[in-house]
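Working notes, beginning with the structure itself.
The values are calculated or read from the model by the stated rules, or taken from the named source; none is laboratory data. Note that the structure is predicted; figures quoted are calculated from it, not measured. Positions of Cβ are backbone-derived with ideal geometry, glycine not excepted, and every protein chain shown enters the neighbour counts.
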Amino acid sequence: MPNTLRTMVVVNPKAGAALGRRKRRALETAIRRTLPDADFAETSGPGDGTERARAALRAGAEMIVSVGGDGTHHEVVNGFFDESGNPVRPGAALAVLPGGTGGDFRKTLGFGRDPLELVALLGDRATRPCDVGCLSYVDHAGRPARRFFLNIASFGLGGLVDDLVNRSTKAFGGFVSFAVGTMRAMARFRPQRVRVRLDGRTEEPRTISVVAVANGRWFGGGMMIAPQARLDDGLFDVVTMPAQSLADYLFRGHHVYRGTHVTMPGVRVERAGRVEAEPFDPDEAVLLDVDGEPLGRLPAVFELRAAAIRLKS
């Protein structure tokens, strides 16, 4: 048996631009040296990462390497499942090499910013199990939809932040983009009432700014929203942030970047394998943020699929 896995490398060229031409060439050279038989494919538009990964797995690939930011990794992990939500190739592995402006998922893995430092991980067959979230929701056109997520899905303020960030320049990097987007969103956001059920338990409505359903630990350009979350424990960490004003964020927002917010009054940290959420007012749009993408709104069901993929880390 060969020491390496049959591999497809999916590259977001915008991430390559962020890396710089010289580093991108060095990265490709390093990957080819480590995985001489690997195939390469560039994405060309929304959803292309999913299609590239899915096609490669159907053709027999054992590992997909995702080169890009969190949005690229989100698309690629969706390619591990078919249109019915079933695994395309059970036991297939995912490797993530950071690039672009997003970088929240890499922090949970303990990875630095430089993808060249991580290429050596690709050189053997060792992997570990990784949970994946499955989200059923309503898209912006009002149609039922399903997506898988690797890191964190949230509802409330996060969906508005995503929309503002994606409409603005990311020239100053993910941290600045999301910090500015959060302040702009806080200035116009009003607390929302939602019903949340954890593993079928009915609870009183919550007034929230954000509820994060977390597989990983970081989101929003460096916020450690779920400091105890693990990728292989079979449960989401569900973090509810209470209603807060822009002044609250400016004076106390630093806590969420350090993970110390979880001890603050009004913050709830719970664990569950299934989360159901709906707006208290059916006519109110409670927006979703899914791995940094503004995909739709509530109602939604979040289900954890334990050990759904293998991960290089």
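Some points to look at:
- Scanning segment 57-71 for residues that are among the aliphatic types (A, V, I, L, M) and under 26 Å from residue 112 (Cβ atoms) turns up 63, 64, 65, 67.
- When residue 258 is tested against (1) within 18 Å of residue 154 (Cα to Cα); (2) of a type in the set (Lys, Arg); (3) surrounded by fewer than 22 Cβ atoms within 10 Å (Cβ to Cβ), just one condition goes unmet, and that condition is (1).
- Set side by side, the residues 118, 97 differ, and just one is of a type outside the set (Ser, Thr, Tyr) and closer than 20 Å to residue 47 by Cα, which is 97.
- Applying the criterion of being without any contact (Cβ under 8 Å) to a residue 60 or more places away in the chain and among the hydroxyl-bearing types (Ser, Thr, Tyr) to the residues of segment 57-94, the residue that is surrounded by the fewest Cβ atoms within 10 Å (Cβ to Cβ) is 84.
- When 22, 54 are checked against the criterion of being assigned to a helix (DSSP H, G or I), free of Cβ contacts under 8 Å to residues at least 60 places away in the same chain and more than 17 Å from residue 113 (Cβ to Cβ), a single residue qualifies: 54.
- Tally of residues being of a type outside the set (A, V, I, L, M, F, W, C) and over 20 Å from residue 107 (Cβ atoms) across segment 286-309: 6
- Test: residue in segment 64-72 that is over 15 Å from residue 132 (Cα atoms), of a type outside the set (A, V, I, L, M, F, W, C), assigned to a loop (DSSP other than H, G, I, E, B) and not assigned by TED's automatic domain parsing to the domain that holds residue 220: yes
- Scanning segment 262-312 for residues that are assigned to a loop (DSSP other than H, G, I, E, B), in contact with a helix residue (DSSP H, G or I) (Cβ under 7 Å, 6 or more places away or on another chain) and crowded, with 19+ Cβ neighbours inside 10 Å gives 291, 292, 294, 312.
- Any hit, segment 243-253, residues being surrounded by 22 or more Cβ atoms within 10 Å (Cβ to Cβ) and assigned by TED's automatic domain parsing to the domain that holds residue 301: no
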